[in-house]
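Okay, so here's the structure we're looking at.
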Amino acid sequence: MSTLRLLRYSLHGRNGSVHHKQIARVNRTKVFDSDGIVAMFSTPYKAVSCSAIMTWISKMSTFCSKSFPSNLNTSLLFSARKSTVSSDIVIREAAVSDYAVVVDLIDEDGVHDYLPALYKHQVSDPDNFPYVATLGGRVVGHMIASVLDGGLTTLFRSARVHKSFREMGIQKALLKHMHQYSSQHLPLHVYDSLSLTDRQNKNCSHILAAGYRPAIRREGLQMSYQTPKTSPTGTGEDNPINGLELRELGHSDLRRIFQDHNLCRVLFPQGRLYNWYVGYRLMEENIRHLMTPWSGAFASFQDTQASILSWSGDHPGQRDFPKSDIILSSGGASPSSGISHQTDQTNRLDSSVSMVTFYNCYPTRYGGFYSLDAYATRGVPKSHFQAHLRKNLDNIKSRFPGQKVALAVTFDTAVTKQCFLSCLLEQGISELLPHQEKWQILYERLAKK
C-alpha cells in the first residue's frame with residue numbers, strides 16, 4: 001500500500017487572489033489541474049533518507065521555477081527545504097580520507113579549482129581547521145578556517161557546496177560554526193576575514209550585515225598561456241642590457257623586507273600583502289605560507305651593487321626553515337599593521353628593492369594554474385615588470401612544459417593595467433580567459449567574542 005504524499009503550494013489566481021491547495025498523488029499517478037503538473041512524487045511506505053528528500057525538493061523547486069508561469073509562488077518550497085535542512089546539518093572535522101567527496105563538490109566548470117591539488121596539504125596544515133557539512137551522512141559542504149598573523153586573524157576560505165544542496169543554508173551553517181570555534185579556541189584571535197571576487201561581490205549583503213568591510217582590493221587579469229614542450233635550460237633571470245638583477249627570495253630575505261619599515265610603506269602601503277586571495281600582515285609567522293613547494297617570490301633592485309651588499313643569499317629552494325629568533329612576532333606587532341617597531345639597523349635591508357612578485361601554482365583539469373601578484377615602488381620602470389614576467393614565465397615552463405596554463409595576474413596602482421597588457425603582448429600572451437575576475441577583495445571585521 002502506498003503512502004499519500006501531500007504538496008502544499010501557493011497559486012496566484014487570475015483575479016490576483018491566492019489559493020492554497022493540497023494535491024495528492026498515489027502510486028506514481030501524475031496529478032494535473034488547470035495550470036499543469038503540480039506534483040510528481042510518491043513512493044511505497046519505507047524509510048527515506050533526509051538527503052534523498054532534500055534532493056527531490058531541490059529538483060522540484062528547479063522544475064517549478066522553470067516550468068510554471070510566473071504567477072506560481074514557490075517560496076513555500078524553499079522555506080520548507082531550508083527549515084528541514086537547518087536542523088539536520090551535521091558539521092564535523094574534515095579528514096584526508098574525505099578527499100574524493102570534497103572534490104566532488106566542485107562544479108563542472110571549476111577547471112581552475114585548487115582543491116584537487118592542495119586539499120591533502122590544507123587538511124594536514126596545523127594552521128588550518130577544515131570542516132565538512134553532512135546531510136544524512138553525505139558530505140554536501142566544505143570550508144576551512146586558516147589561522148594567520150600569529151593567531152591574530154582567521155581567514156575563512158575554500159567554501160564549496162554541492163550544486164544540488166545550495167540555497168539551503170549550508171554555507172551559512174559552516175561559517176557560523178567556524179565563527180564560534182574561532183572565538184572559543186583561539187585566544188589571540190582579533191580579526192575575521194574572507195575573500196570575494198567582483199562577481200561574488202554583487203551578492204555580498206549578508207557579508208556586510210555580518211560586520212565585514214572591504215580592507216584590500218586588487219585589480220587583475222586572467223590569461224591563457226601555452227607553454228612549449230621543453231622546459232628552459234637557462235636561468236633567464238638577468239637582463240644584461242639594463243643591468244637588472246632578479247633573484248628568488250628566501251625566508252630570511254623576505255623577513256628582512258618585512259623589517260624594513262620604509263620599504264614596506266612603499267611596497268605594501270596598506271600594511272599587508274594580498275597573495276592568491278589571502279591577506280597577510282607583514283609578520284614572520286606568515287612567511288612559511290608564502291614560501292612553499294608551489295609558491296615563492298622574486299625581487300628586482302634599483303642597482304646590482306646595492307642588492308649584492310644587502311642580501312644574505314640563503315638558498316631559495318629551502319622551504320622547511322627552523323624557527324629562528326622572531327623579528328616580527330605577534331607579541332611585538334601592531335594589530336592594525338602587523339609590523340613590529342624594532343629598529344635594529346644591523347639587520348635592516350637598505351631600500352634597494354624596486355619590485356617583488358609573489359607566485360602560486362598547481363596542476364588543474366585545465367592544465368596548470370599560476371597566480372602572479374606584483375608589488376612595486378612608485379615610478380618603477382617598465383623594464384622591471386618585463387624582467388619579472390620573463391622570470392615567472394620561465395618558472396611556468398619548467399613546472400608545466402607543453403601544457404596550457406591559466407595565468408592570473410594582479411597589480412596595484414604602481415603598475416598600470418596598460419603596462420601589464422603591453423608586457424604580456426610582448427611575450428605573445430593575448431588570450432583572455434572567459435569569466436574574468438576583475439577584482440579580488442579582502443573583507444575583514446573585528447572578531448566577536
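The values are calculated or read from the model by the stated rules, or taken from the named source; none is laboratory data. Predicted model, so just to flag it, every value in this text is computed and none were measured. Note that each Cβ is placed from the backbone with ideal geometry, even for glycine, and that neighbours are counted across all protein chains shown.
Miscellaneous remarks
- When residues of the range 378-417 are limited to those that are aliphatic (A, V, I, L, M) and not in a helix (DSSP H, G or I), the one nearest to residue 301 (Cα to Cα): 380
- Note on the range 153-163: residues that are at pLDDT below 95 and in contact with a Lys or Arg (Cβ under 8 Å, 6 or more places away or on another chain) amount to 0.
- Residues satisfying the stated conditions in the range 104-142, i.e. in a strand (DSSP E or B), under 18 Å from the mean Cα position of the chain (by Cα) and of a type in the set (Lys, Arg): none
- Candidate set: the range 365-385, residues that are in contact with a helix residue (DSSP H, G or I) (Cβ under 8 Å, 6 or more places away or on another chain) and surrounded by fewer than 19 Cβ atoms within 10 Å (Cβ to Cβ); chosen: the one farthest from residue 282 (Cα to Cα): 365
- Pairs, first without any contact (Cβ under 8 Å) to a residue 40 or more places away in the chain and outside any loop (DSSP other than H, G, I, E, B) in the range 418-436, second exposed (fewer than 12 other Cβ atoms within 10 Å of the Cβ) and of a type outside the set (Val, Ile, Thr), C-beta under 9 Å, six or more apart: none
- The single condition among (1) at pLDDT 95 or above; (2) closer than 22 Å to residue 276 by Cα; (3) surrounded by 19 or more Cβ atoms within 10 Å (Cβ to Cβ) that residue 128 does not satisfy is (3).
- Unique residue being under 21 Å from residue 119 (Cβ atoms) and not assigned by TED's automatic domain parsing to the domain that holds residue 428 when the list is 179, 162, 206, 185: 162
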